[in-house]
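Quick notes on the structure that follows.
Computed from the coordinates by the stated procedures, all read-outs in this text should not be read as laboratory data. None of the values given here were measured: they were computed from a predicted structure. FYI the Cβ positions are ideal-geometry reconstructions off the backbone, even for glycines, and counts take in every protein chain you see.
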Amino acid sequence: MPAHFKFACADCGRVSAALPASAFQCPHCGSEWLEARYDYATLGPHWPGLVALRSKDIWRYKELLPLENADNAVRLGEGGTPLVTAANLGLMLGRPNLFIKDERQGPTGSFKDRQAALAVSVMKENGLTQAVVASTGNVAISYAAYCARAGIKLYAFLTSLVPPEKMRECALYGAQVIKVTATYDRAKELAAQFATQRGMYFDRGLRSIAAVESMKTIAYETAEQLARRIGTKPTPTGQTPWRAPDWYIQAVSGGLGPVGAMKGFSELKAMGLIDKVPALAVIQAEGCAPMVTAFKRNLDQPEVVTNPRTHIATLATGNPGRGYALLRAGLRAHGGTMESVSDEEAYRAVHVMAKMEGISMEPAAGVAFAGLIKLARAGVIGAEDVVVVNCSGHTFPIQNEILGEGWARDVELPEPAAEPSPTPVLAAQPHEGLLAALQRLDERVRSIVIVDDNPDAARLIRRILQAKGSYDIQQAGDGRAGLALIHAQHPDLVVLDLMMPEMDGFAVLDALRADDATADIPVIVVTAKLLTPAERERLNGQIEALLQKGSFMDDELLADVLGALT
């Protein structure tokens, strides 16, 4: 049966029939850069209807994947990951249309499961029994799992910076792990040499057709899911079946993920299923940012980093090669930017997303969210823009840099006494119960009243405080109720909104300051209102801090809370 796809050379433009998985080069010019092509015009009008009837995995898009026979698909439940609203982060940044593509839900916990599923399926279809891969962790684990299922022996070259837990998981699947005490770029060189010497198939990442094609499925799923969540866009001829975001954001190492995603969005636009290709934000770690540095200097080639200086090993590709040129071309065609963030900003983003959204992610995904925060604060991403961020993987194993020291506290209980006490006691305080001992672990437990008529904003502030300390928090939904609660509880701090019906925050503040019993209670104002000079003057000397809703982050609020309590 003839294949439903062909291959076009990115350099000479010649089109070839389907090539075997072991074919590295264009048969006409020898280029290693090939791209799969499909009959978009014929497929487009009918495709959404076909897709809607299928299971929610990457194989629902089989007409646009380079596998000749679907029976060769190696399946572990890859794809079909949820699109989650980032409600709390959206409130904090003033960007209500933030969505998380939760790739942690893959079979081995990362978006690389898409790549492994299609690449290993192509290997299986072509009768391969051995393969070689170089990786910083996630790729090796995914390929090891899928190769195990397909009966293919995998040799995985990993740098010594990869956490040992990931190496052990890779070996658990039966892969032969080769630890390379050098950079990832050097590990790739050694893996390629090993494959050549043994006559084995070497997966070439961005130059692997199956790898790029697999990442398109992120775009397909996103466009389907957004249409269901927020509706489609009108066009001169009607409505688009699916919906593209305004921004797609991903952290990158070599660039495979966003290159594939951009191809997917471009194909959907070519078929008339979406109205545009989204702007792309490429985010890298500052300690290894060859693309970002070159982009900001308007260079045609990446600024190669020979000695990466980042703890985020999965992003430590010092030479992304052609990946930079491909992404730069995409930015020129569709808009977007490249930005870098520090390791500290990435780890902070990991904390924020875990504590604010309940999503624990790997540091590489933290880089993407730190980039989002940076671009939103700079105004590059607009207040109404629809944004999708690739949460590329789970945080297992948790790195020491994320939590640091003191993330857990010990409570020692005494050995049972000869005559058992009715309640457990601490050795140092024999007359107090366990509950009292646990309460003493945080000497700064204080009472706080939140007064805000917006339940989402109040919930966010409560969550920020809960995540940072053991505070006794109560809240009121309007000014009158808030004033009554403050008089009844006499809290150590009030967090006050200004825009409330009937009795607004200014009136609440005036009442507090006019009463000797409440005049000294510190107040932090958190408001969406753009204050006039006169209103700012009215607050001057009356409050501890003024924070704008949508423009503060949790650490800033915490700093003001702690400052007010000291």
How many nm separate the modelled label positions at ALA383 and ILE230, each set 7 Å beyond the Cα in the direction of the Cβ? 1.5
Dipole magnitude of region 447-565, debye to nearest 20 (Cβ charges: Lys/Arg +1, Asp/Glu -1, about Cα centre): 220
Links exceeding 22 Å between C-alpha atoms in this model, out of LYS101/LYS468; LYS56/LYS263; LYS216/LYS355; LYS101/LYS124, come to LYS101/LYS468; LYS216/LYS355; LYS101/LYS124
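Filter LYS112/LYS233; LYS374/LYS549; LYS269/LYS374; LYS62/LYS188 down to the pairs with a C-alpha to C-alpha distance above 19 Å, please. Can you show the working numbers first?
Values: LYS112/LYS233 31 Å; LYS374/LYS549 16 Å; LYS269/LYS374 29 Å; LYS62/LYS188 30 Å.
Among LYS112/LYS233; LYS374/LYS549; LYS269/LYS374; LYS62/LYS188, the Cα-Cα distance tops 19 Å for LYS112/LYS233; LYS269/LYS374; LYS62/LYS188.
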If amide hydrogens are placed 1.01 Å from N in the peptide plane, which non-local residues have theirs closer than 5 Å to the one on GLN542? none
Going toward the positive end of the dipole of the chain, with +1 on Lys and Arg Cβ and -1 on Asp and Glu Cβ, which of ALA325, GLY49, ALA17 do you reach last? ALA17
In terms of the charge dipole of region 125-188, which places +1 on Lys and Arg and -1 on Asp and Glu at the beta carbon, the residue among ALA131, SER142, PRO163 farthest towards the positive end is PRO163
Under 5 Å between amide hydrogens, which residues at least 5 positions from THR159 or on another chain qualify, with H placed 1.01 Å from N in the peptide plane? SER135, VAL180
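Which value results when the Cα radius of gyration for the chain is divided by 2.2 N^0.38 Å? Please list the in-between numbers first.
Working: Rg = 27.5 Å, N = 566, 2.2 N^0.38 = 24.5 Å.
Ratio of Rg to 2.2 N^0.38 Å for the chain: 1.12.
Helix-only estimate, please: 222 nm mean residue ellipticity of the chain, summing -39500 (n - 2.57) across DSSP H runs of length 4 or more and dividing by its residues, to the nearest 500.
Details: 20 runs with 219 residues, N = 566.
Rounded to the nearest 500, the figure is -11500 deg cm²/dmol.
Restricting to bridges with both residues inside the chain, how much of the DSSP beta-bridge set is antiparallel, in percent to the nearest 5?
20
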Using θ = phi - 60° and Karplus 6.51 cos²θ - 1.76 cosθ + 1.60, couplings along region 208-215 (whole Hz; Gly, Pro as x): 8, 4, 4, 5, 5, 4, 5, 6
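At a 10 angstrom cut-off on C-beta neighbours, averaged per residue, how do the peptides 131-137, 153-159, 332-338 rank from highest to lowest? Could you put the intermediate results ahead of the total?
Working: 131-137: 25.7, 153-159: 23.7, 332-338: 17.3.
The densest-packed peptide leads the list: 131-137, 153-159, 332-338.
In terms of the Cα gyration tensor, with a ≥ b ≥ c the square roots of its eigenvalues, is region 447-565 rounded because a/c is under 1.5, prolate because a/b exceeds b/c, or oblate? Could the numbers behind the result be given before it?
Values: a/c = 1.31, a/b = 1.10, b/c = 1.19.
Here region 447-565 falls in the rounded category.
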LEU547's amide H: which non-local residues (gap 5+, or another chain) put their own amide H closer than 5 Å, with H modeled 1.01 Å from N in plane and none for Pro or chain starts? VAL525, VAL526, THR527
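Which of the three applies to region 270-381, rounded, prolate or oblate, going by the alpha-carbon gyration tensor with a ≥ b ≥ c and a/c under 1.5 meaning rounded? Write out the running numbers ahead of the final one.
Values: a/c = 1.94, a/b = 1.12, b/c = 1.73.
Note, shape of region 270-381 comes out oblate.
How much length is gained if the chain between ARG186 and LYS153 is pulled fully straight, taking 0.36 nm per residue apart and subtracting their Cα-Cα distance, in nm to one decimal?
Numbers: separation 33, 0.36 × 33 = 11.88 nm, distance 2.23 nm.
Between ARG186 and LYS153, full extension yields 9.6 nm more.
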Suppose R0 equals 51 Å. What FRET efficiency, 1/(1 + (r/R0)^6) with r the Cβ-Cβ distance, do ARG54 and ASN540 give to the nearest 0.05? 0.25
Would you mind checking the tilt of helix 256-270 against the longest principal axis of the Cα atoms of the chain, expressed as 0 to 90 degrees and rounded to 10? 80
Could you pull out every Cys in the chain that lacks a partner Cys with its beta carbon under 4.7 Å away? CYS147, CYS170, CYS288, CYS391
For the residue pair ALA270 and ALA481, what label-to-label distance in nm results when each label sits 7 Å from Cα along the Cα-to-beta-carbon direction? 5.6
If you line up the long axis of helix 184-198 against the longest principal axis of the chain, both from Cα atoms, how many degrees apart are they, to the nearest 10? 30
Need the full-extension length gain, THR306 to THR85, defined as separation in residues times 0.36 nm minus the C-alpha distance. One decimal, nm. 75.7 nm
